[in-house]
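Written below as structure tokens is the structure these notes are about.
The values are calculated or read from the model by the stated rules, or taken from the named source; none is laboratory data. Because the structure is predicted, anything quoted here is derived from the model rather than measured. With ideal geometry, Cβ positions are generated from the backbone for all residues, glycine too; neighbour counts draw on all protein chains shown.
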Amino acid sequence: MAMVLAGARDDNAAEMAKVLGQKLPGDEINAANAAVLASLNGAAPASFQLRVANALMLTKPGNAISERYIAVLREKYAAEIFQGADLAMVNGWVKEKTNGKIGSILDQLDAMTMLVLLDAIYFKARWQATFDADATRDEAFHLADGEAQVPTMHLRADFALATRPGYQAIRLPYEGGRVSMVIVLPDPGNTAIAQRLDNEEMGSLFAALRIPPRHVELALPRYHATFKSSLVGIFKSMGMRRAFDFKTADFSGMTGKAQAELPLAIGQIMHAAVIEVAEEGTEAAAATAATMVAKARLRCSASTGRSCSPSSTRRQGPCCSREGSPTLVKRPDGQRDAAAAFHHGQCRRPGLPASRAWRAKSHRGPRCAPPRERLLS
């Protein structure tokens, strides 16, 4: 989303920055992201893998997207730039950068999609103290509404352990000791622990875990979980609304032209993640895709002499292009996006196949597939 923010301007940029928790000026945000990206990609020694990648996929020919914006993404976000991208190229890039853990991120591209912004992260590491696979056995895992039998790993070793109000936490280091996994165990009956783990509480928790390890007998479920959801509704509920509406969005930083001359708005924001925790270690990946769509326009034949718009097309029949052929239009907007997908993921029980462990509800509105579309460059 920082790459989307880099192309936003004025009130649109201010609203996005507020929701994303960004307080620096735009140029400083880009510079800070460049530093973080370099740090992450330079952090992994031979003991673990950590890769972060960004990309800009341009889907239309021509120069509608400004060279200045492309240069910012290339220099500050190390983004790979692709011309003539399609759905297969988008999903193929995600699959490659996540080492095959995420096979695809988008189900479709709107006909008016101008570009797709992508990021992906891949992580794989071995535990500093591995679990013995022979000791793994099915045991009861306590749920909010009962219990389930799941494969449970066992280990006796020294770990940092902290007790906080409402929960306990343990830090499991990976080989080399530079990175760790922190696991939180809520107290019985505490079902609201996730809401409590804000930035302040996480900072206090990490500080509490900076203590000498002590001997622990650990039982940990072996699990594989996946998650995929649209983030459009979530961002709107957080107050980011201008970016999805052609009337209020301003992404002139992407085009180098006034928003009225080439209107852009966010179409889709899809996020996917996968994690596998096993006796040897952890493998995880995540990816996000944001599409920018242009507002559809019609060019009218000089011979007709009348203005052409979706409303006039409905009243008077199809307008003609300069070549005299009928042109139909899909006009996407923030309220009815044919590519919108909702969204509720809930972890049911560990140890089950991903298709059963996570459930997602989806909704797709009507799709209008124009036989031809014309963009004003």
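General observations
- Single condition Asp145 does not satisfy, out of (1) in the same structural domain as Val52 (by TED's automatic domain parsing); (2) modelled with pLDDT under 95: (1)
- Selection of region 233-243 for residues being of a type in the set (A, V, I, L, M, F, W, C) and touching a helix residue (DSSP H, G or I) at 6+ places or on another chain (Cβ under 7 Å) yields Phe235, Met238, Met240, Ala243.
- First in region 24-36 and under 15 Å from Ala53 (Cα atoms), second anywhere and at pLDDT below 90 and among the hydroxyl-bearing types (Ser, Thr, Tyr), Cβ under 7 Å, 6 or more apart: none
- Exclusive hit being small (Gly, Ala, Ser) and either on the phi > 0 side of the Ramachandran plot or within 30 Å of the chain's Cα centre (by Cα) (or both), set Ala111, Ala148: Ala111
- Qualifying residue in region 51-74 (condition: assigned to a loop (DSSP other than H, G, I, E, B), over 24 Å from Lys295 (Cβ atoms) and in the same structural domain as Met254 (by TED's automatic domain parsing)): no
- Among all positions in region 224-232, there is at least one residue which is touching a helix residue (DSSP H, G or I) at 6+ places or on another chain (Cβ under 6 Å) and either buried (at least 21 other Cβ atoms within 10 Å of the Cβ) or among the β-branched types (Val, Ile, Thr) (or both).
- One residue from Ala162, Ala140, Ala120, Ala144 being closer than 30 Å to Ser229 by Cβ, among the aliphatic types (A, V, I, L, M) and buried (at least 16 other Cβ atoms within 10 Å of the Cβ): Ala120
- Some residue of region 68-78 being crowded, with 18+ Cβ neighbours inside 10 Å and in contact with a strand residue (DSSP E or B) (Cβ under 6 Å, 6 or more places away or on another chain): yes
- Residues within region 164-183 that are in contact (Cβ under 8 Å) with a residue 24 or more places away in the chain and more than 17 Å from Glu276 (Cβ to Cβ), tallied: 11
- Matching residues in region 5-16 - criterion: being surrounded by fewer than 21 Cβ atoms within 10 Å (Cβ to Cβ) and either touching a strand residue (DSSP E or B) at 6+ places or on another chain (Cβ under 7 Å) or assigned to a loop (DSSP other than H, G, I, E, B) (or both): Arg9
- Residues that are among the charged types (D, E, K, R) and either surrounded by 24 or more Cβ atoms within 10 Å (Cβ to Cβ) or in a strand (DSSP E or B) (or both) within region 273-295 comprise Glu276, Glu283, listed in sequence order.
- For region 123-137, the set of residues classified as closer than 16 Å to Asp158 by Cα, out of contact with any Leu (no Cβ under 7 Å at 6 or more places or on another chain) and surrounded by fewer than 16 Cβ atoms within 10 Å (Cβ to Cβ) consists of Thr130, Asp132, listed by residue number.
- Within region 157-176, the set of residues being basic (Lys, Arg) and modelled with pLDDT of 95 or more comprises Arg171 only.
- Any hit, region 24-35, residues being outside any helix (DSSP H, G or I), surrounded by fewer than 19 Cβ atoms within 10 Å (Cβ to Cβ) and either of a type in the set (Phe, Trp, Tyr) or at pLDDT below 95 (or both): yes
- Which listed residue, of Gly62, Gly100, is within 19 Å of the chain's Cα centre (by Cα) and not acidic (Asp, Glu): Gly100
- Flag if Lys60 is among the basic types (Lys, Arg), more than 30 Å from Pro221 (Cβ to Cβ) and either buried (at least 21 other Cβ atoms within 10 Å of the Cβ) or at pLDDT below 95 (or both): yes
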